[in-house]
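Report on the structure given below.
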Amino acid sequence: MTDCLFCAIAAGDIPADVIHRDDDVLAFRDISPQAPVHVLVIPRAHHANAADLAAADPALAGRLLAVAGAIADQEGVAESGYRLVTNTGSGAGQSVDHVHFHLLGGRGLSWPPG
Ligand code: AMP
């Protein structure tokens, strides 16, 4: 088994609450939700962070954003508002080195974040 947690989830080796799966993209609920809607959107292919993904496969980076928008609709937060966040590097809080977008919504979200 891969030692990348999100590669293992994408492969189905580790269970997750998956709400979207296609050939390229997976979305599943965060195990430690920070908002009523907290979904992680990832490429199935391993890329460490958003910049690496965009450099290697810009079309796939665009697909992730399109899927995130569709999920926001599906989860009922497109109208009320939602946030897409991708942390890069440990200093920014990235704990899993497989690019993921946090889709957060369903409550008021302050700006700037803490
Ligand atoms: P980050 O800290 O930005 O790298 O985000 C990693 C996210 O993955 C955190 O919000 C964790 O709660 C979440 N997470 C870790 N393990 C799992 C898992 N097995 N299933 C779902 N989400 C997870």
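The values are calculated or read from the model by the stated rules, or taken from the named source; none is laboratory data. All values derive from a computational prediction rather than experimental measurement. Here Cβ is always computed from backbone atoms with ideal geometry, including for glycine, and neighbour counts include all displayed protein chains. Heavy atoms of the whole protein, side chains included, go into the accessibility calculation; ligands, DNA and RNA do not. Shrake-Rupley method; radii C 1.70, N 1.55, O 1.52, S 1.80 Å.
Do we find that ARG83 is in contact with a strand residue (DSSP E or B) (Cβ under 9 Å, 6 or more places away or on another chain) and assigned to a helix (DSSP H, G or I) in this structure? Spelling it out, it is not the case that ARG83 is in contact with a strand residue (DSSP E or B) (Cβ under 9 Å, 6 or more places away or on another chain) and assigned to a helix (DSSP H, G or I). Take the range 55-109 and flag every residue that is open to solvent by 70 Å² or more (accessible area, probe 1.4 Å), touching a helix residue (DSSP H, G or I) at 6+ places or on another chain (Cβ under 7 Å) and either without any contact (Cβ under 8 Å) to a residue 40 or more places away in the chain or small (Gly, Ala, Ser) (or both). The answer is THR88, and nothing else. Evaluation of THR2 against the conditions (1) surrounded by 17 or more Cβ atoms within 10 Å (Cβ to Cβ); (2) at pLDDT below 95 shows that the sole unmet condition is (1). Reported count of residues in the range 1-39, each being assigned to a loop (DSSP other than H, G, I, E, B), within 10 Å of the ligand (Cβ to nearest atom) and in contact (Cβ under 8 Å) with a residue 40 or more places away in the chain, is 2.
Looking at this structure, is ARG44 surrounded by 15 or more Cβ atoms within 10 Å (Cβ to Cβ), charged (D, E, K, R) and free of Cβ contacts under 8 Å to residues at least 60 places away in the same chain? Yes; evaluated as a whole, the condition is true for this residue.
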